[in-house]
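The values are calculated or read from the model by the stated rules, or taken from the named source; none is laboratory data. The structure presented is a predicted model; accordingly, all values stated were derived computationally and were not measured. Positions of Cβ are generated from backbone atoms using ideal geometry, with glycine treated the same way; all protein chains shown enter the neighbour counts.
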Amino acid sequence: MKPGEKQAKQKKKMMRDWLFLGITIVIVVVLLSVFPEKTEPVTSTAQEYFIEMMVILPAVMIIMGLFAVYISDKTVVKHLGKTSGIKGIALAILIGALPTGPLYVAFPMAATLLKKGARVSNIIVFLSAWACIKIPQEMVEFRFLGAEFMFLRLILTVVFVIIMGIIIEKIIKWSKRGNKMDVKRGVN
Amino acid sequence: MNITAIIINGIAVAALILAFIKDKDKAVQSLKMAGKSFIKMLPMVFIIIIAIGLLLGFVPPEQISRFVGEQSGAGGVLLIGVAGALMHIPALLSFPLAASILESGASVTAVAAFITTLTMIGMITLPLEIKILGKKMALLRNGISFVIAILIAFIMGVIL
């Protein structure tokens, strides 16, 4: 994707979000004018959650911005490409967990790593960690859902993500072997 | 201000000061990036906040707990898991939303299923994932993620 094209796409997405917000506000105004007795509970709940979010979101954004600038794609690829085994998996989780951008940013990195010969299981763990074990997410989860909930979900996620990585690696290896046999037999 | 907010803000300020001491240009670049992402997220923040207000103000807790509460069973969990997989809201904003439905009667299992499928599975980004990583890997990752998300949710429901 060209930079200009990407920018235009992002702009379009922003416009769409603001439009959605406009529609949402219209719905609220209509609903509250039909049920005026609901105005108090709706506004007080919204206000409470707004304050909760505003005291942490700017800080979270700053932390993410710093990491995005200081840790480049190249650093990630360099460190993940050459380690394997338990160390590789641990590193994949740690790097995935760093406070950086959304998941689709990680796809090209994963593709580069695969081309460089990194293990499929590590790539899956890396992508999954990137998607759902990010440090800023854990902080916000801690704040809103409590320590017990956050830590338990974190531990379970790490365990299951590793299992998933191993399963997917097995399936892909197995299907590749199948393909090769097909080629030998001349089926392909 | 609560303790978590103070710690997060403290880390942000400390990291920012360190960045400015080390390399001013990079620090400014990070701040710009942070500002941009914040503005980009802002309309979604307002939408979520309004949605939470409406949800807690209009939908009685009995309704919420009937669909995704303790007694709703596996069906409710699967339903909210699918909703999480289809929705496209930033993970950071899913937690206040999850907290609000938990507050009004949803079960721990349902909330865990929602957050986990929401963060792990991206239906909107799936075409891009297929294009970059191949059909097999992308479909396997998203498919198995759904299964483990539901498993994680049920284990959490049993423990908490």
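Computed values, structure above
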read-out	value
Some residue of the range B:41-60 being touching a Gly at 6+ places or on another chain (Cβ under 8 Å) and either assigned to a loop (DSSP other than H, G, I, E, B) or at pLDDT below 90 (or both)	no
Qualifying positions in the range B:146-160 - of a type in the set (Gly, Ala, Ser) and more than 10 Å from every other protein chain (Cβ to nearest Cβ)	B:157
Subset of the range A:113-139 that is over 14 Å from the mean Cα position of the chain (by Cα) and more than 20 Å from residue A:87 (Cβ to Cβ) - its residue that is farthest from the other protein chains (Cβ to nearest Cβ)	A:115
Flag for residue B:78 being part of a helix (DSSP H, G or I), in contact (Cβ under 8 Å) with a residue 12 or more places away in the chain and facing chain A (nearest Cβ under 7 Å)	no
When residues of the range B:19-49 are limited to those that are of a type in the set (A, V, I, L, M, F, W, C) and surrounded by fewer than 12 Cβ atoms within 10 Å (Cβ to Cβ), the one nearest to the other protein chains (Cβ to nearest Cβ)	B:39
Residue selected from the range A:37-92 under the condition farther than 18 Å from residue A:116 by Cα and among the acidic types (Asp, Glu), by the criterion surrounded by the most Cβ atoms within 10 Å (Cβ to Cβ)	A:52
Filter result for residue B:149 (more than 15 Å from residue A:164 (Cβ to Cβ), assigned to a helix (DSSP H, G or I) and among the hydrophobic types (A, V, I, L, M, F, W, C))	no
Residue within the range B:54-71 that is more than 8 Å from chain A (Cβ to nearest Cβ), surrounded by fewer than 16 Cβ atoms within 10 Å (Cβ to Cβ), touching a residue at least 24 places away in the same chain (Cβ under 8 Å) and among the aliphatic types (A, V, I, L, M) present	yes
Enumeration of residues in the range A:38-71 that are hydroxyl-bearing (Ser, Thr, Tyr), at the interface with chain B (Cβ under 8 Å from one of its Cβ atoms) and farther than 23 Å from residue B:95 by Cα	A:70
Qualifying residue in the range A:102-116 (condition: closer than 27 Å to residue B:130 by Cβ, crowded, with 20+ Cβ neighbours inside 10 Å and either β-branched (Val, Ile, Thr) or in the same structural domain as residue A:28 (by TED's automatic domain parsing) (or both))	no
Residues of the range A:140-174 that turn out to be more than 7 Å from chain B (Cβ to nearest Cβ), in a helix (DSSP H, G or I) and not aliphatic (A, V, I, L, M), as a count	6
Failed condition for residue A:35, given (1) closer than 26 Å to residue A:140 by Cα; (2) at the interface with chain B (Cβ under 9 Å from one of its Cβ atoms)	(1)
Scope the range B:87-145; condition assigned to a loop (DSSP other than H, G, I, E, B), at the interface with chain A (Cβ under 9 Å from one of its Cβ atoms) and over 24 Å from residue B:41 (Cα atoms); matching residues	B:134
Residues of the range B:85-143 satisfying the condition of being at positive phi and without any contact (Cβ under 8 Å) to a residue 40 or more places away in the chain	B:134
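Yes/no matrix, rows are residues, columns are (1) touching a residue at least 24 places away in the same chain (Cβ under 8 Å); (2) among the acidic types (Asp, Glu); (3) not in a helix (DSSP H, G or I):
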residue	(1), (2), (3)
A:75	no, no, no
A:78	no, no, no
A:81	yes, no, no
A:88	yes, no, no
A:92	yes, no, no
A:99	yes, no, yes
A:107	no, no, no
A:123	yes, no, no
